[in-house]
Amino acid sequence: MTLAGLWSCRKDVASFEPYPPTLEEIQQLLGQVPSASAQTTFVLSGFVPDTVLTTPGGVRVFLTDTEQLFEDADDNLVPCSTCQTLRIEVTEVLKKGDMIAYGIPTTTTENELLESGGIVRVVVTCDGKPLRLLPDRKLKIQIPATDPAGDMLVYSATTQHDTFAGWMDTGLPVFQAEWPNPNGGDKITGYELFSPALDWLNYARPVNEQSTSFCVDLPAGFNPENTTAYLVLKNMRSVAAMEIDLANQTFCYKNAPHGFQVKIVTVSKTENGQYWLGNLETEIGTNATINLSPLEVDESQMLNFLKSL
């Protein structure tokens with residue numbers, strides 16, 4: 001029996017019929033959530049001296065000893081001077097709606113929740129070919145923050161079948177730091193990390209609280225083929241994707257922090273092209289299941305809501 005068939009057995013009154021392409025269309029919609037300013041591209045060529053690349057958002061990426069910094073996918077050293085076009089893309093993710101949009105919730109490979117200081121991505125290509133750091137090199141990155149928290153660690157993204165599979169602790173600490181303000185005035189405060197790899201990086205710490213299973217029960221027709229569901233903590237930068245529990249036909253997160261204020265968010269699309277938004281604020285209770293009825297919204301309403309998270 002298909003997932004759609006399992007959900008159609010429910011006694012609720014169905015308001016629409018699902019159809020398979022909706023998840024792909026939801027992902028296309030989510031791609032419109034992050035601001036264009038979240039990504040900065042630097043293009044360099046020829047010999048690159050030690051330099052600091054600074055994004056409009058203030059993220060600083062340090063390039064040092066660039067002739068001995070990168071390698072290609074075949075483990076060959078790639079000096080920056082050999083690149084006609086050295087492209088460095090830096091993406092900053094500070095908003096919870098952007099974490100949903102990029103498909104990078106703040107959960108570990110063990111599906112445990114993290115409190116994130118923010119997420120940054122650094123992608124480097126040489127004449128269109130992807131590069132990675134040499135095994136013995138680390139990339140220094142500084143990210144501004146008004147009140148940087150302590151006890152943060154560097155987490156790197158893991159993938160499975162080209163899909164995000166959680167954050168893995170690198171064991172490297174994140175430092176509280178300050179550096180000169182290029183515009184003068186007080187120094188800038190923030191985080192400083194030394195990453196052993198490129199791509200997605202999360203400076204975060206575990207949410208070490210008593211946890212419990214927490215589920216949301218949606219009306220008939222809302223299912224994993226046309227709906228994505230998220231647990232969004234209100235007072236910290238934390239997002240968890242809720243997964244289908246086939247036995248109970250609910251969307252659940254198994255490690256929700258007990259007693260925390262959260263927002264349950266669901267994004268759905270029907271065969272007639274209509275979007276449905278679920279938005280409910282609640283508190284995590286022990287092994288709780290809550291009912292949520294999504295509301296019909298247009299595309300702009302959906303986007304505005306996700307951008308506001």
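The values are calculated or read from the model by the stated rules, or taken from the named source; none is laboratory data. The structure presented is a predicted model; accordingly, all values stated were derived computationally and were not measured. Methodologically, a virtual Cβ is constructed for each residue, glycine included, from the backbone with ideal geometry; neighbour enumeration extends over all protein chains shown. Calculation scope for accessible area: heavy atoms of the full protein, side chains included, ligands and nucleic acids excluded. Shrake-Rupley method; radii C 1.70, N 1.55, O 1.52, S 1.80 Å.
Just a few scattered comments:
- Folded to 0 to 90 degrees: helix 299-308 orientation relative to the chain principal axis, Cα: 60
- When the residues Glu281, Glu89, Glu71 are ordered by accessible surface, computed with a 1.4 Å probe over the protein chains alone, the sequence from largest down reads Glu281, Glu89, Glu71.
- Computed with a 1.4 Å probe on the full set of protein chains, the accessible area for Thr163 sits at about 80 Å².
- For the set Lys263, Lys140, Lys234, solvent exposure ranked by accessible area (probe 1.4 Å, protein chains only) runs largest to smallest as Lys234, Lys140, Lys263.
- For segment 100-204, GluC sites (Glu not before Pro) meeting the loop criterion (DSSP other than H, G, I, E, B) and having at most 11 other Cβ atoms within 10 Å: Glu110.
- Prolate/oblate/rounded call for segment 224-309, Cα gyration tensor, a/c under 1.5 rounded: oblate
- Averaging the sequence gap over all C-alpha pairs within less than 8 Å and six or more residues apart, then dividing by the number of residues, gives segment 157-309 a relative contact order of 19 percent.
- For segment 74-108, the residues whose backbone nitrogen is under 15 Å from a point 7 Å from the Cα of Gln32, taken along Cα to Cβ, are 101.
- Computed accessible area, Ser293, all protein chains, 1.4 angstrom probe, square angstrom: 80
- By accessible area with a 1.4 Å probe, ligands and nucleic acids excluded, highest first: order of Arg205, Arg132: Arg132, Arg205
- Rg ratio (alpha-carbon, reference 2.2 N^0.38 Å) - segment 135-185: 1.52
- Whole-percent carbon and sulfur share, accessible surface of segment 220-304, 1.4 Å: 43
- Note on the chain: helix-only mean residue ellipticity at 222 nm, from DSSP H runs of 4+ residues weighted -39500 (n - 2.57) and normalised by residue number, equals -3000 deg cm²/dmol.
- Counting only heavy atoms of the protein chains and using a 1.4 Å probe, Val93 has close to 0 Å² of accessible surface.
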